[in-house]
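The values are calculated or read from the model by the stated rules, or taken from the named source; none is laboratory data. Please read all numbers here as calculations on a predicted model, not as lab measurements. All Cβ positions, even for glycine, are placed from backbone atoms using ideal geometry, and neighbour counts span all protein chains on display. These accessible areas exclude ligands, DNA and RNA; they are computed on the full protein's heavy atoms, side chains included. Shrake-Rupley method; radii C 1.70, N 1.55, O 1.52, S 1.80 Å.
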Amino acid sequence: MSGLNASLGYFLAIVGMSVVGRVLFARWTLLTEFIAAFALAACRLEVDTIAEVGQWAGALGPDVAVTMLFISLAVHGVVMQGVSGNPSVTLMGLLQKDVGAVSVVLSVAAQLFGAYAALLVAGKYWQMELTDMHMIKNLMMSECSTSLQVPPLQGVFAEALGALTFHLVYLVMKNRSQLLQIPIFAVLLTFIAYAGNNYTSGYVNPSLAYAMTFTCPGHTFLAYSLVYWLGPLIGMTLALFLYLGNIPLLFSRNLLYSKKARFRVPKGKTSEDKSS
């Protein structure tokens, strides 16, 4: 079995499970967040396998990895409409006072569990060693390569910049048609991942980053947490502030944009004016 065929079969299996789970548990917010985070991490783990090993063991170049990343993000957007699978997006709902703190904590926990489940499933899949590419990946599991290629402070800046871009576009496109949202988000996230490849891999998603690199040697858990949690949260908060002019959870006054009426409303005549 060729490496690409095996990967396509894996992607189809993940998409199939996501569709079934989305249909069965559509009204269960926590389960849908679990499924969304699981699908994102499971597909990204295989995309990274193609990027890291494919060109040596499967004759798959970087262009294949980028294409598969875009397709997986687009399909994910279609299947998981209305579900983020991203803790920073969930926390933005808290800052906007759209959801409560308890709901946010439970959703973030579900997303982290989903990412962890994806790591376990991908590991079992690699252990099957269906191709040379997966055999090499299985041997590399205990010594995986870290995604954080720069010092933590620079990594925080890179993730914050990527998150700022993503969340600004997310806020602008939030009420637009899904036909417009899905391809734009897929292109944007693919571009952020490509641009951040030599820095942090541009995950802009803490649960996704947990599955991708937190278990890899090279940096401490604290360093990973600073980069992949603090960075996206800074970017998300800044994007919300720039978009709204304030943070609704913290203060109601608009600090950036004044709400002036475009047209002056004529004042009614007073009793003194009428008597004169």
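Being assigned to a helix (DSSP H, G or I) and either touching a helix residue (DSSP H, G or I) at 6+ places or on another chain (Cβ under 8 Å) or at pLDDT below 95 (or both) is a property that does not hold for Tyr199. Does the stretch 87-102 contain any residue that is over 13 Å from the mean Cα position of the chain (by Cα) and under 26 Å from Gly16 (Cα atoms)? No. Screening Ser142 on (1) touching a helix residue (DSSP H, G or I) at 6+ places or on another chain (Cβ under 9 Å); (2) free of Cβ contacts under 8 Å to residues at least 24 places away in the same chain; (3) part of a helix (DSSP H, G or I) shows it passes everything except condition (1). The single residue among Ala51, Ala42, Ala6, Ala26 that is under 16 Å from Met80 (Cβ atoms), of a type in the set (A, V, I, L, M) and assigned to a helix (DSSP H, G or I) turns out to be Ala42. Scanning the stretch 145-163 for residues that are aliphatic (A, V, I, L, M) and part of a helix (DSSP H, G or I), we see that the one that is nearest to the chain's Cα centre (by Cα) is Ala163.
Reported count of residues in the stretch 138-168, each being open to solvent by 20 Å² or more (accessible area, probe 1.4 Å) and farther than 23 Å from Ser84 by Cβ, is 15. Candidates in the stretch 7-52 are the residues that are among the charged types (D, E, K, R) and more than 19 Å from the chain's Cα centre (by Cα); of these, the one that is most open to solvent (accessible area, probe 1.4 Å) is Arg27. Considering the stretch 209-250 alone, what residues qualify as being within 26 Å of Gly100 (Cα to Cα), aromatic (Phe, Trp, Tyr) and either open to solvent by less than 70 Å² (accessible area, probe 1.4 Å) or not in a helix (DSSP H, G or I) (or both)? Within the stretch 209-250, Tyr210, Tyr228, Trp229, Phe241 qualify.
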